[in-house]
1. Straight-line reach from B:K125: which aspartates and glutamates have Cα under 18 Å away, leaving out those fewer than 8 places along the same chain?
2. Between segment A:11-58 and segment B:293-320, how far is it from one alpha carbon centroid to the other, in angstrom?
3. Hey, if you put +1 on the Cβ of every Lys and Arg and -1 on every Asp and Glu Cβ in segment A:104-233, which of A:Q120, A:L183, A:I173 ends up farthest toward the positive end of that dipole?
4. Take a quick pass over segment B:1-109 and tell me how many lysine pairs come in under 26 angstrom between Cα atoms, counting only ones 8 or more apart or on separate chains.
5. As I understand it, the dipole of the protein assembly as shown uses +1 on the Cβ of Lys and Arg and -1 on the Cβ of Asp and Glu, about the Cα centre. Which of A:F103, A:L82, B:G302 lies farthest toward its positive end?
6. Pick out, in residue order, every one of the trypsin sites (Lys or Arg not before Pro) in segment A:34-96 that is DSSP loop and has at most 13 other C-beta atoms within 10 Å; say none if there are none.
7. Accessible area of segment B:225-361 with a 1.4 Å probe: how many percent of it is carbon plus sulfur?
8. DSSP beta bridges in the protein assembly as shown, what fraction antiparallel, as a percent rounded to 5?
Amino acid sequence: MRIGTTLLFQDGYCYQSYGWNMLRPLGTLQNALNHLDKYELDEISIIRPVRDNDYYYKKDLQRLKKAKSSTPLAFGGGIRSLDDIMILEGLPVERFILSSVLFDKDLSVIKRLHSKYGEQSIVGFIPFSFKNQFEVFNSRKNCFQSAHSINESALQLCDEVVLHDCDAEGRNIGFNAGVVSNLEINSNNLIFSGGVSEIVRNGESIGIEPKSILIENKILHRENSKKTYYGAM
Amino acid sequence: MAQCKACLYTTDHPFGLTLTDGLCSGCITHREKYSINWDNKYQELESIANWAKGRSKSYDCIVPVIGDAEDYYVVSKVLELDLNPLIVSVNSYFLNDIGWANLQNLITYFDLDSWIHNPEIYTYKELIKTSLRKYNHMYLPWLQLHTSFPVHVAKEKKIPLIVWGANQAVEQVGKFSHHDKAEMSSWSRVEHDLFGNDIEALMGNGAQVNERKINYYRYPSITNLGKNIRGIYLSNYMHWDPIKQNHSTLAFGFIPESNRYTFDPYERAGSSVYYGVHDLLKYERLGYKKIKDHITRDLRHGRIQFAESEHLLRLYMAQKTSLFQFKAFFDWLQVSDSGFEWYLGHKILRSKELLAPECSERILISELPSGLQELVSPGQEPSELYLKFYKGIHI
């Protein structure tokens with residue numbers, strides 16, 4: 001199993017999200033990348049949340065283009081149309097994380113990325129919550145909705161899919177593996193995120209073996225070396 | 001830039017700050033203190049202490065100190081946990097007689113072994129000069145040492161635990177929840193203690209120093225540190241209330257220092273430069289001084305009302321530093337008079353109005369909000385500044 005982390009990047013600065021409703025500051029992107037490199041992670045997912053009329057989005061992409069990291073990077077946020085793909089040109093990333101387009105009937109964005117960057121370049125991202133009932137978050141509509149609204153054909157075009165537990169986000173434990181049975185999804189290409197750090201550290205089983213774990217920002221909360229996490233596994 | 005509706009901090013805080021419904025991440029995190037079961041947290045702390053005990057043949061833990069009131073409090077708590085600590089301090093060469101007396105009394109009162117590292121002075125001064133020129137920051141080289149030397153000692157002597165007091169990034173801006181139990185890390189050191197400027201930033205075209213003499217300015221390799229050495233902050237495990245805690249250390253013989261730039265006579269008492277020079281440069285760089293941190297801290301603890309806070313801030317922000325006091329630091333640094341004039345002309349811009357021929361008078365304790373008065377001591381006046389070393393005890 002691979003071990004990675006997530007960085008939430010906005011307006012030139014990294015943040016940490018807790019419970020899908022509170023942001024805390026984290027620090028500069030480059031300092032975070034420098035240290036995550038030292039921790040020898042398998043991957044870093046940089047997420048840039050995008051709002052309507054987000055004037056700073058392009059500026060953040062410019063900043064990201066200058067970022068230096070020897071760890072494989074994935075980038076997600078704002079990739080919703082064919083035009084959006086154009087401005088991703090030159091990003092120092094290996095993979096793209098898609099969320100909104102998983103709800104679209106039109107698969108042209110995914111297919112374009114597929115043909116341009118290869119099959120392994122596409123990672124789906126599904127934030128979910130069990131707070132009321134099982135729901136998934138549609139970032140384009142900025143609301144939770146039924147999981148049936150996800151386009152299964154879109155999911156099939158993803159090399160891997162991140163299942164992000166919004167309820168356990170920012171916590172050390174609490175990832176709800178019940179998500180897998182609630183989504184009709186291939187369980188061989190999953191990445192778990194949100195409330196997983198202590199589970200990994202303690203070597204506990206979630207029931208399903210994912211291909212990778214994203215430990216949010218928790219990697220930076222302690223002096224972890226690769227051995228600290230891998231040693232627990 | 002936006003201000004929190006409950007404190008004085010704004011979103012341009014150097015640690016970063018977020019607002020949720022107008023309330024800042026620092027205030028939200030502070031409010032956790034009233035819902036946390038601190039007995040449970042203390043049990044977690046005891047578990048860590050038990051993990052550390054006996055892992056080393058020498059000491060159970062290191063407590064990095066500067067001789068501050070907080071150090072007295074931390075040491076007292078470490079001893080309550082039945083740990084056998086080694087006191088480690090890096091000489092800044094900035095202590096006055098009060099600072100040295102406090103440091104030596106800490107060691108003798110609690111009867112502990114200590115290791116005081118005296119950095120090679122030529123290199124140290126060169127690095128300070130470069131830090132001033134590049135970043136208008138006089139403390140960077142010392143902070144680099146203070147945050148890395150204890151880790152070197154821990155690694156060399158195989159001591160498993162380093163115990164720090166407050167995690168300022170949590171206490172000030174709520175960068176993490178108390179429940180995260182964020183620990184010492186190389187990332188946090190660069191991000192919070194060094195503001196992104198590790199020793200490499202002072203090398204190259206900066207200081208003319210020998211690479212071989214800066215080993216302790218560099219953080220050790222992080223390989224295995226996470227498993228074998230942990231650095232924890234007590235503020236994650238206790239209801240942290242600095243001024244109340246610091247006041248309690250008077251019982252251990254801690255000497256507070258009279259201060260005209262803040263009402264807090266405990267934090268950084270005994271420094272020849274912290275408030276008169278460093279704090280002025282902080283205002284130059286960031287637009288605010290330490291007093292804002294102190295007011296916000298005690299505003300959150302309910303000792304200052306929001307309506308009083310702005311007035312108190314204005315009162316202290318207007319306090320003048322004497323040009324003589326400011327120049328004394330540059331004399332210590334062996335900067336020529338023309339070099340000092342250049343610095344004043346090029347690096348001191350917005351704080352120029354805060355430099356005057358004479359220091360301002362002290363603000364009386366009776367002028368402070370009533371909630372603070374009982375915890376503020378008058379403090380003593382130093383008699384000697386910039387002492388390289390001083391036993392500070394009279395036999």
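The values are calculated or read from the model by the stated rules, or taken from the named source; none is laboratory data. In this text the structure is predicted, and so the values were computed from the model without any measurement. Glycine gets a Cβ as well: all are built from the backbone with ideal geometry, and neighbour counts include every protein chain shown. Each accessible area value is taken on the protein alone, full model and side chains, heavy atoms only, with ligands, DNA and RNA left out. Shrake-Rupley method; radii C 1.70, N 1.55, O 1.52, S 1.80 Å.
1. B:D198, B:E200, B:E211, B:D331, B:D337
2. About 33 Å separates the Cα centre of segment A:11-58 from the one of segment B:293-320.
3. Of the candidates, A:Q120 comes out farthest on the positive side.
4. Within segment B:1-109, the lysine pair count is 7.
5. Projecting each Cα onto the dipole axis, the largest value belongs to A:L82.
6. For trypsin sites (Lys or Arg not before Pro) across segment A:34-96 that sit outside H, G, I, E and B with at most 13 neighbouring Cβ atoms in 10 Å, the list reads A:R51, A:K68.
7. That share works out to 54 percent.
8. Roughly 25 percent of the DSSP beta bridges within the protein assembly as shown come out antiparallel.
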